[in-house]
Amino acid sequence: MIRRSRGYAPLPVMMSGELKGQVLAVGGELKNTFCIGKNQLLYLSPYVGDMADPRTVAALEESIVRMEELLETEPELAVCDLHPKYNTTIVAEEQGIPVMKIQHHYAHILSCMAENDVPLTEKVIGVSFDGTGYGTDGTIWGGEILLADYHSFRRLGSIYPFLQIGGDASAKEGWRIAVSMINALYPENASEITEKLELCEAQMQKLYLQMAARGINSVVSTSAGRLFDAVSAILGVRRKSSFEGEASTTLQFRAEEYEKHLHSGGTDPVREMEPWLRELQNSAADASRNEKPEESRFYLPTDRLVRMLVELKMSGEDVRRLAYFFHLALAAQIREGCREASRISGVKSCALSGGVFQNRLLLKL
């Protein structure tokens, strides 16, 4: 189950720890669901919707009033996303009670901890992978490895940062992210590569380079969702999405087709990929020896993975095989990231959350 609707909501999530108080959590900006916490009981609302439409905001406000009446609660605190311009932030601030702002990806991990009734004193390694969230540093997060407990978090690692150019359009048009990544990986011959991969015309490529150089409509990003969209565009699966998640889910389906094809022939797809995985691990090890990290966190070498996929695609490799390799390699990088986080922190439990983990294949691998 991905989202609970009427019939399942507002059946509460029950925690066994000693919790006191009444709290309203207004939920996310996209695919909104709010929650009312009453001591150990966390009552999730039915699915409300995306907050871009004023009518949905009104529906959220009305639903909060109804739920508070139903549960006979008077929340003393409103909790919302850290993003200053979200409509949900405005709803929280209009409640007339103190407001607490929580970083988006930390909230993902907290929800996973609560759902699994993790003890109140325990820490977890939180793998929070989704499309977009406002980071504490003002950049876009979305591929994060956090050390978290119920009080605070520390950002231990992330996927390799890239420049997200084009604002909201880049969330729907993965080719924009692909072009940005290729510009960073191949500064000498990026135009030639993007043309060969049929990502965009030379004139658009030139415009993108200018935008990146001047920092126009560009922000540093570690979004795992945008990484999926970029790889989908590079492999020629989907250059852009006509509905949310189309590029990344189609990439998953191509990978699953390849896995099914190999299984039907009696071949283990993971073993079949071992030479490519070793090659990727060797190049990543070389990179870590030669590069100094920009911040006090480690990076999953997703830039090396994209480079390898670009070169294999241009050599004429089967798209389904490359789609499977992407999932397998990313899963391996996440596992190594968790091991590194465990080495740093001593923590042994991992919590996976965020929309990317709706991808059955990635979760299984």
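The values are calculated or read from the model by the stated rules, or taken from the named source; none is laboratory data. Quantities reported herein were computed from a predicted structural model and do not represent experimental measurements. Glycine gets a Cβ as well: all are built from the backbone with ideal geometry, and neighbour counts include every protein chain shown. We work out accessible area using only protein heavy atoms, side chains counted, and drop any ligands, DNA or RNA first. Shrake-Rupley method; radii C 1.70, N 1.55, O 1.52, S 1.80 Å.
Just one of Arg321, Arg360, Arg339 is without any contact (Cβ under 8 Å) to a residue 60 or more places away in the chain and open to solvent by 40 Å² or more (accessible area, probe 1.4 Å); which is it?
Values: Arg321 fails: without any contact (Cβ under 8 Å) to a residue 60 or more places away in the chain; Arg360 fails: without any contact (Cβ under 8 Å) to a residue 60 or more places away in the chain.
Answer to the selection: Arg339.
Condition first: loosely packed, with under 12 Cβ neighbours inside 10 Å and under 29 Å from the mean Cα position of the chain (by Cα). Now tell me which residues in segment 264-284 satisfy that.
Asp268, Arg271, Glu274, Pro275, Arg278, Asn282
Give the residues of segment 79-119 that are of a type in the set (Val, Ile, Thr), open to solvent by 40 Å² or more (accessible area, probe 1.4 Å) and part of a helix (DSSP H, G or I), sorted by residue number.
Within segment 79-119, just Ile90 meets the criteria.
Only residues that are at pLDDT 90 or above, surrounded by fewer than 22 Cβ atoms within 10 Å (Cβ to Cβ) and among the hydroxyl-bearing types (Ser, Thr, Tyr): list them for segment 174-204, please.
Hit for segment 174-204 is Tyr186, nothing else.
What is the one condition in (1) within 21 Å of Gln281 (Cβ to Cβ); (2) polar (S, T, N, Q); (3) under 16 Å from the mean Cα position of the chain (by Cα) that Ser353 does not satisfy?
Result: Ser353 fails condition (1) only.
Evaluate the following for Ala169: is it within 22 Å of the chain's Cα centre (by Cα), modelled with pLDDT under 95 and farther than 30 Å from Asp81 by Cα? Step through it out loud before you land on a result.
Working: within 22 Å of the chain's Cα centre (by Cα): yes; modelled with pLDDT under 95: yes; farther than 30 Å from Asp81 by Cα: no.
For Ala169, the condition - within 22 Å of the chain's Cα centre (by Cα), modelled with pLDDT under 95 and farther than 30 Å from Asp81 by Cα - is not met.
For residues that are at pLDDT 90 or above and of a type in the set (A, V, I, L, M), tally how many sit in segment 263-290.
Total satisfying the criteria: 4.
Can you tell me which residues in segment 175-228 are under 27 Å from the mean Cα position of the chain (by Cα), polar (S, T, N, Q), more than 13 Å from Thr302 (Cα to Cα) and not in a helix (DSSP H, G or I)?
Asn217, Ser218, listed by residue number.
Here are some conditions: (1) crowded, with 22+ Cβ neighbours inside 10 Å; (2) free of Cβ contacts under 8 Å to residues at least 60 places away in the same chain. Gly157 meets all but one. Which one does it not meet?
Of (1) crowded, with 22+ Cβ neighbours inside 10 Å; (2) free of Cβ contacts under 8 Å to residues at least 60 places away in the same chain, only one is false for Gly157: (2).
Hey, can you tell me all the residues within segment 31-47 that are surrounded by fewer than 19 Cβ atoms within 10 Å (Cβ to Cβ) and free of Cβ contacts under 8 Å to residues at least 24 places away in the same chain?
The answer is Asn39, and nothing else.
If only one of Ser45, Ser16, Ser5, Ser63 is farther than 25 Å from Gly135 by Cβ, polar (S, T, N, Q) and in contact with a helix residue (DSSP H, G or I) (Cβ under 7 Å, 6 or more places away or on another chain), which one is it?
On the way: Ser16 fails: in contact with a helix residue (DSSP H, G or I) (Cβ under 7 Å, 6 or more places away or on another chain); Ser5 fails: in contact with a helix residue (DSSP H, G or I) (Cβ under 7 Å, 6 or more places away or on another chain); Ser63 fails: in contact with a helix residue (DSSP H, G or I) (Cβ under 7 Å, 6 or more places away or on another chain).
It is Ser45.
Only residues in segment 180-206 that are in contact (Cβ under 8 Å) with a residue 40 or more places away in the chain count as the first member; pair them with residues that are of a type in the set (Phe, Trp, Tyr) and surrounded by fewer than 20 Cβ atoms within 10 Å (Cβ to Cβ), Cβ under 9 angstrom, at least 6 apart or cross-chain, and list the lot.
Every condition considered, the pairs that remain are Ile193/Tyr186.
Kindly indicate which of Val127, Val57, Val26 is surrounded by 20 or more Cβ atoms within 10 Å (Cβ to Cβ), of a type in the set (Val, Ile, Thr), over 25 Å from Asp229 (Cα atoms) and modelled with pLDDT of 95 or more. Step through it out loud before you land on a result.
On the way: Val127 fails: over 25 Å from Asp229 (Cα atoms); Val57 fails: surrounded by 20 or more Cβ atoms within 10 Å (Cβ to Cβ).
Exactly one residue qualifies, and that residue is Val26.
When you go through (1) surrounded by 16 or more Cβ atoms within 10 Å (Cβ to Cβ); (2) closer than 22 Å to Gln358 by Cβ one by one for Phe243, which number turns out not to apply?
Among (1) surrounded by 16 or more Cβ atoms within 10 Å (Cβ to Cβ); (2) closer than 22 Å to Gln358 by Cβ, Phe243 violates only (1).
Identify, by number, the condition in (1) under 23 Å from Leu251 (Cβ atoms); (2) open to solvent by 40 Å² or more (accessible area, probe 1.4 Å); (3) in contact with a strand residue (DSSP E or B) (Cβ under 6 Å, 6 or more places away or on another chain) that Gly225 doesn't meet.
The single condition Gly225 does not satisfy is (2).
Is it the case, given these coordinates, that Arg307 is part of a helix (DSSP H, G or I), modelled with pLDDT of 95 or more and either surrounded by 13 or more Cβ atoms within 10 Å (Cβ to Cβ) or touching a Leu at 6+ places or on another chain (Cβ under 9 Å) (or both)?
yes
I need the full set of residues from segment 229-243 which are of a type in the set (D, E, K, R) and either under 16 Å from Met314 (Cα atoms) or not in a helix (DSSP H, G or I) (or both), in order please. Spell out how you get there, then give the answer.
Pass one, segment 229-243, residues of a type in the set (D, E, K, R): 229, 238-240.
Hits for segment 229-243 are Arg238, Arg239, Lys240.
Looking at segment 205-222, which of the residues that are within 16 Å of Trp141 (Cα to Cα) and not small (Gly, Ala, Ser) is least open to solvent (accessible area, probe 1.4 Å)? Let's see the steps before the verdict.
First, the residues of segment 205-222 that are within 16 Å of Trp141 (Cα to Cα): 218-222.
Those still in the list that are not small (Gly, Ala, Ser) too: 219-220, 222.
On the way: Val219: 45, Val220: 69, Thr222: 3 Å².
It comes out as Thr222.
Go through (1) outside any helix (DSSP H, G or I); (2) over 17 Å from Gly96 (Cα atoms) and name the single condition Thr56 misses.
(1)
Take segment 4-16 and flag every residue that is out of contact with any strand residue (DSSP E or B) (no Cβ under 9 Å at 6 or more places or on another chain), modelled with pLDDT under 85 and part of a loop (DSSP other than H, G, I, E, B).
Going through segment 4-16, the residues out of contact with any strand residue (DSSP E or B) (no Cβ under 9 Å at 6 or more places or on another chain) turn out to be 5-7, 16.
Now restrict to residues that are modelled with pLDDT under 85: 5-7.
Within segment 4-16, Ser5, Gly7 meet the criteria.
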